[in-house]
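Every read-out reported here was derived from the displayed coordinates using simple, explicitly stated rules and does not represent laboratory data. Because the structure is predicted, anything quoted here is derived from the model rather than measured. Cβ atoms come from the backbone with ideal geometry, glycine included; neighbour counts cover every protein chain shown.
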């Protein structure tokens, strides 16, 4: 039991070191860094341009749709990566290999059909 708990020790050391370094850097910055407040530093920075309009204005729905599409296809990549790394080992297993290939083919097909549907509906058009 003690041996299995010790296997987590390197992870805890790395986490403690990262947290400690972050806190030390913040503390040293507060102590050693110059404090010169000015109106320019207090103003909102927006890509080097002065902000125009209210920050409470609504975003167009197309921005949210693009974000959702990104998440969907990012998760698709997360599901495909382990499958792709183990494909050679799985394909030689009797009864498992080709069924996993077929399942992934169906998974990608469903996502491709969804993308085609969204594309045809014009959800990816910016104009």
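Using a Gaussian network model of the chain in which every pair of alpha carbons under 10 angstrom is joined by a spring, one finds that among 22, 53, 114 the greatest mean-square fluctuation is at 22. Counting neighbouring beta carbons within 10 Å and listing from fewest to most, the residues 79, 70 come out as 70, 79.
Taking other Cβ within 10 Å of each residue's Cβ, how do 126, 119 sort, fewest first? The partial results should precede the final answer.
Numbers: 126 7, 119 11.
Ranking 126, 119 by Cβ neighbours within 10 Å, fewest first, gives 126, 119.
Projecting label points 7 angstrom from Cα along Cα→Cβ for residue 57 and residue 77 puts them 3.1 nm apart.
In this label model, residue 110 and residue 31 are separated by 5.7 nm, measuring between points 7 Å along each Cα→Cβ vector.
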